[in-house]
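Enquirer: Take a look at the following structure, please.
The values are calculated or read from the model by the stated rules, or taken from the named source; none is laboratory data. From a predicted model like this one, the values you see are computed outputs, not experimental measurements. All Cβ positions, even for glycine, are placed from backbone atoms using ideal geometry, and neighbour counts span all protein chains on display.
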Amino acid sequence: MDPLSPLDGGTDPMREPMTVAAQLPPPVRRIVVETPPTAVSPPPPGSNGHSPHAMVAPSLRRMPRAQTTPIERMRTEALSIAYGEKLAVNQVSLSIRQGEVLALIGPSGCGKTTLLRSLNRLVDLTPGAIRGGRILLDGEDVDSFDVTLLRRRVGMLFQQPNPFPMSIFDNVAYGLRERGSKKPSRRQLETPVIEALHRAGLFEEVKDNLDHPALALSGGQQQRLCIARSLAIQPEVLLLDEPCSALDPISTQVIEETIVSLRTEIAIVIVTHNLQQAQRVADHVAFMYLGDLIEYGEAERVFGSPVAERTREYVSGGFG
Ligand SMILES: Nc1ncnc2c1ncn2[C@@H]1O[C@H](COP(=O)(O)OP(=O)(O)OP(=O)(O)O)[C@@H](O)[C@H]1O
Ligand SMILES: [Mg+2]
C-alpha cells in the first residue's frame, strides 16, 4: 500500500459529510453493445500501430509495465477544492511519479478534471474556486512557483485538440519562441521541433508539410501535434484530460503508445472514461467518486481485485 494513500482499498467513514447535492448518485449511463467486440492480436513488435490489425478498436492488450523505479515528482496532500459551496475534490492525497502512468478514473462529475487542473494551478483561474491542502512539485509547494514556470514544467492536454491557427512547425516552436528574451532563428528551432514531432509519433506523417496549416490535420494528428507542442518545452509532468475521447481507434492507439513511451522521462497523469484504455496504459489507477479518492493502487490490482464496493461496481460497468 502506498504510504501516501490511506484510502488505498477503501473509503474513510470518518470524513466530513459532503453537501446534499454531492451525495446524489450520478446519472446511470448504460451503453448497449449490439455486436460483441472482436479481440485482435497486437501489432507485430516494432510496428507503430498502423498495421491492418489497428483498423479495429485496440484490444485489451496491456502495454508492458514500466521497468524503471518510479520517482515521485508531484504529490497532493489532503487536497480539497470547492466551487463556492460545492465540494468537487475532498481531501485527496496522491503521488504522481515519473516512470509510470497514473490513470484517474470515475464517473462524470466526480472531480477528475478539477483535480488535474489544480496540479498546474489552472483551477485558480476559475472564479469562486477555493483550494485547501497542499500540492507539491519536487517537494516545493506549487504556490511558491512563478505560475508560468509551473505550467511549463507541468503541461496539460485537453479533450479537444487545440492547435493554434498557424503552421505545424510554428505550433511546435511556439513555446520555444516565447521562452527567453532573444528569439531563436528558424534554423535553431528545427532540431527541437523535429525531435518533439518524433517523440509525439507524428514526424513521419508531416515531415514534408511542416509549413502547412495545423488546422488541416486530422483530429488524431492535431492531438499528437498538441503533444509535440507540449513536449517541445520539456515538461516534467504531463496532464492529459481524456486526450483520446474525440479520436478514432487508430489515432487512439498511436497516442497510447506515445504516452507509454514517454513515461520514463515524464510523469504522466491521464483522465479517462475508457476503462480499457486505463488498463492498457496505466501502471497505477486512482478511482474517484463524488470528490473522494475511493481506491488507489496498481492497475492490475484495482481492475482485477478492487477492494471497495464502489470501485468493484464501477470497473465492472455497473454505473458511470
Ligand atoms: N467552473 C465550475 N464552476 C462550478 N462548478 C464546477 C465547475 N467545474 C466543475 N464544477 C463541478 O465540480 C464537480 C466536478 O467536476 P469535474 O469537471 O472536475 O468532474 P469530472 O470528473 O472531470 O467529470 P467528467 O467526467 O464529466 O469530465 C462537478 O459537480 C461539476 O459540476
Ligand atoms: Mg472532466
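Enquirer: Which count do you get for residues in region 68-91 that are modelled with pLDDT of 95 or more, away from ligand 2 (no atom under 15 Å from the Cβ) and β-branched (V, I, T)?
Expert: Adding up the residues that qualify gives 2.
Enquirer: Looking only at region 72-112, count how many residues are away from ligand 1 (no atom under 16 Å from the Cβ) and farther than 18 Å from L238 by Cα.
Expert: So the answer is 3.
Enquirer: Out of (1) under 30 Å from N209 (Cα atoms); (2) among the acidic types (D, E); (3) over 15 Å from the mean Cα position of the chain (by Cα), what's the single condition that is false for E295?
Expert: Failing condition for E295: (1).
Enquirer: I'd like the residue in region 197-245 that is acidic (D, E) and within 24 Å of I71 (Cβ to Cβ) and, out of all such residues, is farthest from ligand 1 (Cβ to nearest atom).
Expert: Taking the candidates together, the pick is E236.
Enquirer: Moving on. Given the structure, is E300 closer than 14 Å to V101 by Cα, more than 17 Å from the chain's Cα centre (by Cα) and acidic (D, E)?
Expert: The answer is yes for E300.
Enquirer: For the subset of region 216-269 comprising residues that are more than 13 Å from V281 (Cβ to Cβ) and among the hydroxyl-bearing types (S, T, Y), which member is farthest from ligand 2 (Cβ to nearest atom)?
Expert: T264
Enquirer: Could you tell me whether S108 is away from ligand 2 (no atom under 13 Å from the Cβ), within 26 Å of F303 (Cα to Cα) and surrounded by fewer than 20 Cβ atoms within 10 Å (Cβ to Cβ)?
Expert: no
Enquirer: A further question on this structure: Could you go through region 302-310 and let me know if any residue there is part of a helix (DSSP H, G or I), within 21 Å of V89 (Cα to Cα) and of a type outside the set (D, E).
Expert: yes
Enquirer: Just name the residue that is nearest to the chain's Cα centre (by Cα) out of those in region 258-269 that are closer than 21 Å to H198 by Cβ and in a strand (DSSP E or B).
Expert: So the residue we want is I268.
Enquirer: Sticking with this structure for a sec: Being within 13 Å of ligand 2 (Cβ to nearest atom) and either in contact with a Cys (Cβ under 8 Å, 6 or more places away or on another chain) or of a type in the set (A, V, I, L, M) (or both) is true for just one of M166, M156. Which residue is that?
Expert: After applying the criteria, what remains is M156.
Enquirer: Six or more apart or on different chains, Cβ under 8 Å: which pairs go from a residue in region 127-156 that's under 10 Å from P235 (Cα atoms) to one that's assigned to a helix (DSSP H, G or I) and within 16 Å of ligand 1 (Cβ to nearest atom)? Could you list them?
Expert: R151/L122; V154/L119; M156/L116; M156/R117; M156/L122
Enquirer: Looking only at residues in region 238-254 that are touching a strand residue (DSSP E or B) at 6+ places or on another chain (Cβ under 7 Å) and crowded, with 22+ Cβ neighbours inside 10 Å, which one is modelled with the lowest pLDDT?
Expert: My answer is P243.
Enquirer: Still on this structure, please answer the following. Which residues, counting only those in region 198-228, are in a helix (DSSP H, G or I) and touching a Pro at 6+ places or on another chain (Cβ under 9 Å)?
Expert: Those that are in a helix (DSSP H, G or I) and touching a Pro at 6+ places or on another chain (Cβ under 9 Å): A214, L215, G219, G220, Q221, Q222, Q223, R224, L225, C226, I227.
Enquirer: Please specify each residue of region 69-118 satisfying the condition of being basic (K, R) and within 14 Å of the chain's Cα centre (by Cα).
Expert: R97, K112, R117
Enquirer: Is it true that R280 is in contact with a Pro (Cβ under 8 Å, 6 or more places away or on another chain) and crowded, with 23+ Cβ neighbours inside 10 Å?
Expert: When the stated conditions are applied, R280 passes them.
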